[in-house]
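The values are calculated or read from the model by the stated rules, or taken from the named source; none is laboratory data. Remember, it's a predicted structure, so these values are computed and weren't measured experimentally. Ideal geometry is used to build each Cβ from the backbone, glycine not excepted, and the neighbour counts take in all protein chains shown.
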Amino acid sequence: MTTAQCSVCGREVALAEPQEDAPICESCAAKDRSPTQTIDLGISKRKLSTRTIVPAGLLAALTVALSALGIGLIPVPNASGAMTTVHIPIIIGGIMLGPVAGSLLGLILGVFTLSLGPWPAVIPARLLIGPVAYYVYRATPNKLLGAALAGFAGTLTNTIGVLGMAVLIKLIPLKVALGIAGFNGTIEVILAILIVTPVVRGLKQAKIL
């Protein structure tokens, strides 16, 4: 019988025989197995910590501010009246926090933009922005390129999804929707790529992502 120090807490651990791997005591092992330590966000299990909660809260607050105060709406001379940058925090949130958190941020955006149209037009597409951005980013080996593609894909999800549903429920004609998509969508994609790419790069350099 030999003893060694636990690699986590430093307590003495009784060993039947010497082992090459760093030993861990029963208490620390039980903590690692505890189901309350992690939350399932889709691809992998991430720790539910301040590193997750704080960014989620900040992005949610930013989404509310941009949508409720109209700060993220840029007036344009077409039937839409304005194009949006409010979806960009959702793209960043999806990349940072996973598809579930991304959908929740999208739901917040949808609720605060119900004044722009009925819920079938404004909510379903917003629920998909974060997950689409997340999976596109994760599927791209070059993460800088992945951030740009996530911005592109997340924006198209919002533009095509909202306008497509608006056409389906006969809120606007197809011809009008195509005009809005061509004008608003192009500028929104460019803005998303220009904002999301450096933000994700900064998050990676800071080892937050």
Wholly within the stretch 53-130, helices (runs of 4 or more DSSP H) carrying at least 2 residues that are surrounded by fewer than 23 Cβ atoms within 10 Å (Cβ to Cβ) and at pLDDT 85 or above: 99-112
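Can you tell me which residue within the stretch 126-146, out of those that are of a type in the set (A, V, I, L, M, F, W, C) and free of Cβ contacts under 8 Å to residues at least 24 places away in the same chain, is farthest from V86 (Cα to Cα)? Outline the logic, then answer.
Kept after step one, since they are of a type in the set (A, V, I, L, M, F, W, C), are these residues of the stretch 126-146: 127-129, 132-133, 136, 139, 144-145.
Pick out the ones that are also free of Cβ contacts under 8 Å to residues at least 24 places away in the same chain and you get 136, 139, 145.
Values: V136: 20, A139: 24, L145: 22 Å.
By that ranking, first place goes to A139.
So which of L149, L171, L203 ends up being more than 13 Å from T85 (Cα to Cα) and touching a Pro at 6+ places or on another chain (Cβ under 8 Å)?
On the way: L149 fails: touching a Pro at 6+ places or on another chain (Cβ under 8 Å); L203 fails: touching a Pro at 6+ places or on another chain (Cβ under 8 Å).
Step by step, each of L149, L171, L203 is checked, and only L171 is more than 13 Å from T85 (Cα to Cα) and touching a Pro at 6+ places or on another chain (Cβ under 8 Å).
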Those residues of the stretch 154-209 which are under 23 Å from the mean Cα position of the chain (by Cα) and in a loop (DSSP other than H, G, I, E, B), in sequence order: A206, K207, I208, L209
Pairs where the first residue, in the stretch 95-115, is farther than 22 Å from L69 by Cβ and the second is part of a helix (DSSP H, G or I) and charged (D, E, K, R), C-beta under 9 Å, 6+ apart: I95/R138; S103/R126
